Structure formats: structure tokens, C-alpha cells
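Trainee: Here it is, the structure, as C-alpha cells.
The values are calculated or read from the model by the stated rules, or taken from the named source; none is laboratory data. As the structure is a prediction and not an experimental result, all values here were calculated from the model. Because the Cβ atoms are built from the backbone with ideal geometry, glycine has one as well, and the counts that use them run over all protein chains shown. To get the accessible areas, we keep the full protein, side chains included, count just its heavy atoms, and leave off ligands, DNA and RNA. Shrake-Rupley method; radii C 1.70, N 1.55, O 1.52, S 1.80 Å.
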Amino acid sequence: MSLLDVRDLSVVFQRRGERPFTAVDKVSFSVEPGQTVGLVGESGCGKSVTSLAIMGLLPQRGNKVTGEVLFEGANLLELRPDDMRDRRGRDIGMIFQDPLSSLNPVIPIGVQVAEVLERHQGMDRRKALREARQLLDAVGIPDPERRLKEYPHQISGGMRQRALIAIALACKPRLLIADEPTTALDVTIQAQILTLLKQLVDETGTALIMITHDLGVVAGLCDTVNVLYGGKVVERAARHELFARPRHPYTHGLLNSVPRLDSVRGERLHAIRGSVADNIPWTEGCAFAPRCNYVVDACLEGAPPLEPTATGGDLRCNNPVPVEVTVP
Amino acid sequence: MTERTEPLVELRDVKVHFPIKSGLLVDRTVGYVYAVDGVSLSINAGETYGLVGESGCGKSTLGRGLLRLVEPTDGEIVFDGIDVRSLKGESLRRARRRMQMIFQDPLSSLDPRQSVESLLIEGLKAHGLADDKAATGKRLRETLEAVGLPASALRKYPHEFSGGQRQRIGIARALVLNPELIVADEPVSALDVSIQAQVLNLLEDLQNERGLTYLIIAHDLAVVRHIADTVGVMYLGGLVEEASSDDLYREPMHPYTRALMSAVPVPDPLVEDRRERILLAGDLPSPTNPPAGCRFHTRCPWAQPTRCADERPALRDVLGGHRVACHYAEEIAAGRIRPHEVEPELVRPDDGGAPGDTGELIPTP
């Protein structure tokens, strides 16, 4: 059994007087114990909403979540709020993009780490603080004894993100969801945090869902990569397969459009034309069709199905990029 | 790219220091933020100079200082033979037509209540270039066409456009005055990757058509490598390395540049699996209280006893135009000095700001 099995997850935002907006459209993927899975896409592709839906953190009103999120066989979407609270932080940890706004500014770091241990493991404050000290040490925060008493504004952005990782991993969850954990950080700090995440995931055997827009981050970290576009998974492949032979025109276009540090200089970038504003609804065809160089008539006749490929992945495309056309 | 010609812009030992004020009734200066602390560089006409560095290294302040959007504390700025720092009032205003700026966030740098037409015409009016109505209309349409927007965009407002289109409006606003120098501060970092490529291509096309000179400020090394002819790397207010884009990426010589380049993730699992990261310990020290000697010595894996901590290395020419500010650049390149472990030092975001206010507040949980 998979650790996490997301089946046909949909999130529809509804506002009175406005047309409902489908942010996540029947997304399915699974995570095996100890595996690292990437969710990649640009802003508005539904990657963050997917993670919030899994964690049950979407607002109570204004949206409709359907489908199943099976964590070790239990459907998280059907849990009572109290039961979900027990699992959050204990079974599933989460790291957010902006560490400053996800830490409480008026509570010392130590208490924020200890809180999780008190809540889920029934430790008293003194014992929890001692444990918190060790956790801060484990995530590479220098002088953890003093850090315990300090407030988020007193430490740097990289240290804040480390503190957040300590909180997420305090109860040794079996699954960790990281939503753009390094986007707000400088590259050298990003390298520190990614190395730390990789090391902790290896040591503890925690499964990781990595949500990012940065294909470079995925390339070094994830076992399997799901590429999202317009709320749907358009391509899923093992890491090496995806980067060596991207079959979906969107994935192919993305890989071609990023300037690379190790590429030949002076070459023109192959931009994807248009923007997400040009998308058509999936009911009318492939959302990417208006921007696609490989578009065929069938693309405008309903959403293409997600079908298994010969190399063990999945692909949602009528006219995939030929295997011979590789990324330069 | 154009042939090497006269430098259009020359900076000599430019400093921008911001005073830190304290006190209720009397403004007491308790310290300075040494945002830019002695930078010399020159940009040739028709070329692109890329300035990279992490947040807080002073790259944006330098760009603004060059246009005198912030007042430099010291140093010399020469633009096409004119001493920019000595300009006042009307002459400064007129000089600014020739140097324009593109900002990072197009939504906050475009007035939401001004139509695109009014945004573009504002600069023309300020410089008395909008007298002939027909000619102005033609100029606006041509500018929009150059940045890839339809003429119908003139009557629209910024919120009606997508992020990439807004950045095109920002570029059009700079372009409409026919400047010689464009300073672009993080022109693509607010955009999605698929849109970044469009804007980068546009900037390159415009340079080829109009012979523009760019100063591109960015934190993304891959972007800078792609677009710049010469790259300068900044760390804590100073330039630590400068070389042609190809040289710098082929053989980075300063330890900081090496660490920076090894930290950039490359979208290729084969490269990622093989490469060795130089992980820097700790955070960027505070610019209010920069380390003595070499600014980087507190985090440098190659730092050598005493000299690195005592003497600030000057930017010196190492081989044919490759300038490095490191005492031991040659030794490191030849492998005569091996990297060692570095203990991370504590860095506080408010270091030196107001003394004695950290760590003292005992929480009452």
C-alpha cells in the first residue's frame, strides 16, 4: 500500500456571483514510503492548493474538495476536524514558502518547536524544550540554547526556514510536504536548506512531497516528478526520464526556456508563447493548446486522457514531442 | 554584440552609506549601513553589464546610485563624459532622459490609475518631447510595437495585463525616451519561467536594434550569464570578481563566486548527481558592521590566517581583464590551498541597528 494515495482530487473555488473556478482538476498521484515526489508547475497551476487540500488547510467556506486522499488507507478528507488536527504535525508535517509569515512573531522559537511535542507526544514544557534544543541543533542552527528564547525577527531567513523544518520534523512524521521551501531564500542559503532536507529525509526515511516551480530543485531531489498545468497533471515520469526525454510540449518548452548556467552562451531562449491567460478550459480541449507548438485538431476536442507511457510514466497529450527531439 | 568602444559609464570608488538614526527629539546618527562601499567599474557602449549577488549585497543600491535615485556618499560617476554627481536641477533632469530604469515588480512600479498612454506620455512631456500630437502618437505606437504589445493597449490600465505584459509596459516606458543606458533591476525575477524567456529575448532584440547599453541587476546567475557580456559579482557592498561572462563561468576565481555557482541548481539530474557543492556556512554578515579585512573571510572555506582578516583585498587584474578581489586567487586556482571547514557565525538581521535590544526579552509563555 502506498503511504499517500491521492485519487481524483478536485478543488473548486466558488464565490457568490462568480463562475466557479477549478483550481485542481482530478489530480491523482501516490507517494511510497521514503520516496520523494515533485509537484512542478508555474503560478496558478494548482500545486499549492493540492498540498493545502491534502493537509485539510483550505478555508471552510468558498470551496468544494472532492476525491480521495488516502493516507495509509484512511481518507483524510472524511476525518473530523479534531482527528485531522491529531494527524497534522504528527503523521504529516508541512513547510511553507515564507518562514516569517508562518512563524508566530510574538512567541519564542523554542516554544513554537516545543508546542508540537507537547500537543502530539504529551511531553511537559521542560522536556519538550530540551527536545527542541536538540532539534534546532539537528537542523544546523548554531547556539541552539540561546535560539530557543529568541523571536523569529531576531534570526535570519535561512535560520527561520531551518526552525520551520525542525517544527515539521519534530514528531518524525512519515510524510513531509514542502511548499516552495527555498523560493524566498538566496541561492547559497537555498543550497544549505536543500542539502539539509535531503540529509534528513535520508536519515529518517520520511517521504517528501516537494512543491516547486524550479526545475533545477527537482532535478537534484525528486524520484518521481508530476508536472501540473492548469490544475491537471500533464506528465509524470521518473526524474532521469523526465529531464532526458520530456514528452509533453509544456515540459519540453519549460526546460528549453530556462537559461542554464552550463549551456552555451548567446543562444536564443526558446520561449513558450503567450501566457496562462490564454488557457482554454479543459472541457473544451487541452488547456495548453493555444500556446502549444505541437497542437493538432484533436487537442480542441475535449481534454486528452492521462495515459501510461512505454517508459513507466504517464502523459496527457495527443501529439507528444517525438523522442528524438531532446533538450539541448 | 557591438565592438568594444569607449566606456559609456564609469564608476570610480562609489560609496553609498545610509545613516541609522536614533533618538526621539534629536536625530542622532548611531551608525551606517555600508550598502555600497567602494565600487569601481566601467560599462562600454552597446554592452550589457550584469551585476549579481545575493540580497543585501548592495547591487540594487548601486544601480539606483548610478541614476542618483539615491545620493551616493562618495566617488565619481561619469556618464558619457559628464560628471553625474555634480549635476543639479535642470541639467540632472535632462541627463536622466538618457538613462532610464526598469523595475522588478511591474505592478507596483506602474500607477494603477494611469492608462498605458498616460504612463508613456508622462516622460515625454517632462522632457518637452510631446508637443506634436501626431508625432507623439506615432512614437507611442512604435514603442509598443517594439515591445510586442498591440496599439490597443494604450487605452488600457496596468491591471488589465498579465505579469509579462506589464513588464513589457515597464520596458516601453523606459524605451519611449530613447535612452542610451537602461538600468534593469531584477527585470524577470517576478515572472514565471516561461514568461522570463520572452522578456529576456525582448531585451536582447531591443539592444541589437537600438544599440542600447544595459546594466542588468539580478540574483539569478543563469539569467545574467545568458544576457550579459561582462559580469560583476558583489558581496557585502563590494565587487569581488569581474570578468567576461564566458570567463567567469568557465573559471570562477573568487571563493564566493565559486560557492555561488555551485549552489545554483541545474535542471539536469545527471549534472546534479555528479556535482560537488561548496556549501557556505552561515549567513551574509550585516552591512552595518561588515567584517574587517576581506568581507568574505568569515564564511570563506579557503580563508588563510591573519592576512584575510587584516587586509581588504583590492580588485586586481589576474589574467587579461579577469579582475578578482582575493589575496590567494592564484593559489586557490592552482589547488595549492585546500578548502577547510568553517564554523557558522551568528548573524542577526538587526545587527548593530539598535544596540542591546536582542535576546534580552525573556518570554512569558
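Trainee: What whole-number distance in Å separates the alpha-carbon centres of the range A:39-87 and the range B:42-69?
Mentor: If you average the Cα positions of each part, the centres end up 44 Å apart.
Trainee: Still on this structure: Can you list residues whose amide H is under 5 Å from B:Leu51's amide H, if they're 5+ apart or on another chain and H is modeled 1.01 Å from N?
Mentor: B:Ile216, B:Ile217, B:Ala218, B:Gly232
Trainee: Right, next: Report the one residue of B:Tyr328, B:Pro344, B:Ala309 whose Cα lies farthest in the direction of the positive end of the charge dipole of the range B:306-346 (charges on C-beta: Lys and Arg +1, Asp and Glu -1; origin at the Cα centre).
Mentor: B:Tyr328
Trainee: If I model a spin label at B:Glu331 and A:Arg146 as a point 7 Å from the Cα along the Cα→Cβ vector, what separation in nanometres do I get?
Mentor: 3.1 nm
Trainee: If you don't mind, there's one more thing I want to ask. Given the rule -39500 (n - 2.57) for each run of at least 4 DSSP H residues, summed and divided by the residues of chain A, what is its mean residue ellipticity at 222 nm, to the nearest 500 deg cm²/dmol? Kindly include the intermediate steps, with their values, before the conclusion.
Mentor: On the way: 11 runs with 104 residues, N = 328.
Counting only the DSSP helices, I get -9000 deg cm²/dmol.
Trainee: Could you order the peptides B:28-36, A:142-150, A:239-247 from most to least packed, using the average number of other C-beta atoms within 10 Å per residue?
Mentor: Answer by packing, highest mean first, reads A:239-247, B:28-36, A:142-150.
Trainee: Pop out the carbon and sulfur fraction of the accessible area of the protein assembly as shown as a percent, whole number, probe 1.4 Å.
Mentor: Numbers: 14850 of 30360 Å².
Roughly 49 percent, rounded to a whole number.
Trainee: Once you put a point 7 Å from the Cα of A:Asp262 and another 7 Å from the Cα of A:Gln199, both along the Cβ direction, what distance in nm separates them?
Mentor: Between A:Asp262 and A:Gln199, the label points sit 2.3 nm apart.
Trainee: Separate question: Give the separation of the Cα centroids, the range B:128-167 to the range B:316-336, in Å.
Mentor: Measuring centre to centre over Cα atoms gives 48 Å.
Trainee: Could you work out the per residue convex hull volume over the alpha carbons of the protein assembly as shown, in cubic angstrom?
Mentor: On the way: hull volume 132.0 nm³, N = 693.
Residue-normalised Cα hull volume stands at 190 Å³.
Trainee: With r defined as the distance between the Cβ atoms of B:Leu24 and A:Asp83 and R0 fixed at 56 Å, what FRET efficiency is calculated, to the nearest 0.05? Don't jump to the answer; show the numbers that get you there.
Mentor: Numbers: r = 54 Å, r/R0 = 0.96.
E(calc), rounded to 0.05, equals 0.55.
Trainee: Which FRET efficiency value, to the nearest 0.05, is calculated for B:Glu343 and A:Lys127 with the Förster distance at 35 angstrom and r the Cβ-Cβ distance? Write out the running numbers ahead of the final one.
Mentor: Numbers: r = 29 Å, r/R0 = 0.84.
Here the calculated transfer efficiency is 0.75.
Trainee: Still on this structure, please answer the following. Under the definition of partner shielding as Cβ atoms of other protein chains within 10 Å of a residue Cβ, what is the mean value for peptide B:188-196? It would help to have the intermediate numbers written out before the result.
Mentor: Values: counts 1, 0, 0, 3, 11, 12, 14, 8, 5.
Average per residue, whole number: 6.
Trainee: Over all residues in B:314-323, what is the mean tally of Cβ atoms on other chains that come within 10 Å of each residue's Cβ?
Mentor: On the way: counts 0, 0, 0, 0, 0, 0, 0, 0, 0, 0.
Mean partner-chain Cβ count within 10 Å for B:314-323: 0.
Trainee: Sticking with this one: Just give me a number: lysine pairs in chain A, eight or more positions apart or cross-chain, with C-alpha atoms less than 15 Å apart.
Mentor: Eligible lysine pairs with Cα atoms under 15 Å apart amount to 5.
Trainee: Give me the one-decimal Kirkwood hydrodynamic radius in Å for the range A:240-315, with the sum taken over alpha-carbon pairs.
Mentor: Details: mean 1/r = 0.0713 Å⁻¹.
When all Cα pairs of the range A:240-315 are included, the Kirkwood radius is 14.0 Å.
Trainee: Related question: Go through B:Leu119, B:Val52, B:Thr73 and say which Cα lies farthest out towards the positive end of the charge dipole of the protein assembly as shown; charges sit on Cβ, +1 for Lys and Arg, -1 for Asp and Glu.
Mentor: Value computed over the given set: B:Leu119.
Trainee: Which semi-axes, in whole Å and largest first, does the equivalent ellipsoid of chain B have when worked out from the alpha carbon gyration tensor as the square roots of 5 times its eigenvalues?
Mentor: Numbers: eigenvalues 277, 127, 92 Å².
After scaling each eigenvalue by five and taking roots: 37, 25, 21 Å.
Trainee: Here is a further query. List the lysines whose Cα lies under 27 Å from the Cα of B:Lys59, skipping any in the same chain that are fewer than 8 positions away.
Mentor: B:Lys15, B:Lys21, B:Lys88
Trainee: How many Cβ atoms of partner chains, on average, are near each residue of B:45-53 if near means within 10 Å of its Cβ? Before the final figure, lay out each step's value.
Mentor: Details: counts 0, 0, 0, 0, 0, 0, 0, 1, 1.
If you average over the peptide's residues, the count of other-chain Cβ atoms is 0.
Trainee: Which net charge results for the neighbourhood of B:Pro291, defined as the other residues with beta-carbon distances under 10 angstrom from its beta-carbon, given Lys and Arg at +1 and Asp and Glu at -1?
Mentor: Values: positive: B:Arg295, B:Arg299, B:Arg312; negative: B:Glu345.
So the surrounding residues net to +2.
Trainee: Would you calculate, for chain B, the mean residue ellipticity at 222 nm contributed by helices, counting each DSSP H stretch of 4 or more residues as -39,500 (n - 2.57) and dividing by all residues, to the nearest 500?
Mentor: Numbers: 13 runs with 113 residues, N = 365.
Rounded to the nearest 500, the figure is -8500 deg cm²/dmol.
Trainee: Shifting gears a bit: Select from A:Ala310, A:Ala23, A:Ala238 the residue whose mean-square fluctuation is largest in a Gaussian network model of chain A (Cα-Cα springs shorter than 10 Å).
Mentor: So, out of A:Ala310, A:Ala23, A:Ala238, the one fluctuating most is A:Ala310.
Trainee: For a quick check of your reading of the filter: which trypsin sites (Lys or Arg not before Pro) in the range A:1-55 sit in a DSSP loop and have no more than 14 other Cβ atoms within 10 Å? Mind dumping the intermediate values first?
Mentor: Details: sites: A:Arg7, A:Arg15, A:Arg16, A:Lys26, A:Lys47; in loops: A:Arg15, A:Arg16.
Sparse-neighbourhood loop trypsin sites (Lys or Arg not before Pro): A:Arg15, A:Arg16.
Trainee: State, to one decimal in nm, how far the label point of A:Gln60 lies from the label point of B:Arg68, with both points 7 Å from Cα in the Cβ direction.
Mentor: 6.0 nm
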